[in-house]
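The next block holds one structure in the form of structure tokens; read it before the comments.
The values are calculated or read from the model by the stated rules, or taken from the named source; none is laboratory data. This structure is a prediction, so every number in the text was calculated from the model and none was measured. When we count neighbours, we look across all protein chains shown, and the Cβ atoms used for this are built from the backbone with ideal geometry, even at glycine.
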Amino acid sequence: LVLGRTPKTEKEGAGYTTILIDPRAPGVTMTELPMRYREGVKQYSLELDNVRVPAEDLVGVEGQGLLVMWPFTHIERVLTAGLCLGTASYAISRAVERAKARVIAGTSPIGAHQAVGHPLAGLHARLEAVRLFLYRTAARFDTRTDGSALAGQANMAKLLTSDLAFDAADHAVQVLGADAWDERQGWLDVYLDARLSKSGPVSNEFALNYIAEHVLGIPAHR
Ligand SMILES: Cc1cc2nc3c(=O)[nH]c(=O)nc-3n(C[C@H](O)[C@H](O)[C@H](O)COP(=O)(O)OP(=O)(O)OC[C@H]3O[C@@H](n4cnc5c(N)ncnc54)[C@H](O)[C@@H]3O)c2cc1C
């Protein structure tokens, strides 16, 4: 599904057109990008050289391709927020487990030191608050047909959960010590997944741009 730039018209969403392209069509070159992450799908660069597309493969209306894409993106942000919430929850529980079990000197585990325990308590408090916000947003999506009215909330949920997932995974690296870097633990994959979510499927800067312009009404820089 390709979102391509086309000549602008006066209509809303103009300047983009969404079309289905057969990846085996003449003129299409797909090059797999070497990336380390666990999202489950491969990433490619796509080159199109005079590719001919049948008229029936136009999706939506020519020049209004963004209107086709927005419903996907709102849902994708809620889905990503759900993934981030799971990552954050896993990171916190793994770090808490370690903070309780690891004893270096004396009888107290490392979690008894506030430098280790307080960040975990703070992360847990954020997790519980953000969980409620995400569940409310998801429930509202379930009961509405027009998700665009909830786009601000979808962006906020994605922003808050991805920041939380990264902060939780980052602190877990600290609590796990050198074990975090042992490839057999698989922790670096979790850490990188959490980091990726700040950049995609929408970067947090663009989520903030949306909230600033469409929720708060602040003029956009154009
Ligand atoms: C593994 C992976 C999976 C992905 N999956 C998806 C997906 O499922 N769906 C999807 O739509 N996208 C996906 N993306 C794309 C991702 O959304 C973009 O990579 C990201 O938005 C940055 O865009 P860019 O790579 O073109 O970099 P650039 O556009 O060059 O941006 C670079 C940096 O500058 C910032 N920036 C650029 N313009 C502005 C601005 N106006 N205001 C503030 N900051 C700005 C960006 O936020 C970013 O941090 C994925 C990316 C990766 C690496």
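Worth a mention:
- Here the condition is being within 20 Å of residue 88 (Cβ to Cβ) and free of Cβ contacts under 8 Å to residues at least 12 places away in the same chain; of 165, 129, it holds for 129 alone.
- Count of residues meeting criterion [over 20 Å from the mean Cα position of the chain (by Cα) and either in contact (Cβ under 8 Å) with a residue 40 or more places away in the chain or part of a helix (DSSP H, G or I) (or both)] in the range 179-192: 6
- Selection status of residue 169, under 20 Å from residue 84 (Cβ atoms), modelled with pLDDT of 95 or more and surrounded by 14 or more Cβ atoms within 10 Å (Cβ to Cβ): yes
- Residue that is nearest to residue 122 (Cα to Cα) [pool: residues in the range 63-94 that are more than 16 Å from the ligand (Cβ to nearest atom) and surrounded by fewer than 17 Cβ atoms within 10 Å (Cβ to Cβ)]: 93
- For residue 198: the one exception among (1) among the charged types (D, E, K, R); (2) over 19 Å from residue 126 (Cα atoms); (3) part of a helix (DSSP H, G or I): (2)
- Residue that is in contact with a helix residue (DSSP H, G or I) (Cβ under 8 Å, 6 or more places away or on another chain) and assigned to a helix (DSSP H, G or I), where the choices are 118, 124: 124
- Remark: pairs (first residue in the range 198-222, within 16 Å of residue 152 (Cα to Cα); second residue among the β-branched types (Val, Ile, Thr) and loosely packed, with under 13 Cβ neighbours inside 10 Å; Cβ separation under 8 Å; 6+ apart in sequence or on different chains) = 212/218.
- Subset of the range 202-222 (residues that are within 17 Å of residue 73 (Cα to Cα), of a type in the set (Gly, Ala, Ser) and in a loop (DSSP other than H, G, I, E, B)): 203
- Count of residues meeting criterion [at pLDDT 95 or above and in contact with a helix residue (DSSP H, G or I) (Cβ under 6 Å, 6 or more places away or on another chain)] in the range 172-190: 6
- With respect to (1) more than 15 Å from the chain's Cα centre (by Cα); (2) more than 21 Å from residue 193 (Cα to Cα); (3) aliphatic (A, V, I, L, M), the lone exception for residue 151 is condition (1).
- Residue 59 closer than 30 Å to residue 139 by Cα, hydrophobic (A, V, I, L, M, F, W, C) and touching a strand residue (DSSP E or B) at 6+ places or on another chain (Cβ under 7 Å): yes
- When the range 193-222 is limited to residues that are more than 12 Å from the chain's Cα centre (by Cα) and surrounded by 13 or more Cβ atoms within 10 Å (Cβ to Cβ), the one that is farthest from the ligand (Cβ to nearest atom) turns out to be 215.
- Test: residue in the range 181-188 that is within 16 Å of the ligand (Cβ to nearest atom) and either of a type outside the set (Lys, Arg) or closer than 25 Å to residue 78 by Cβ (or both): yes
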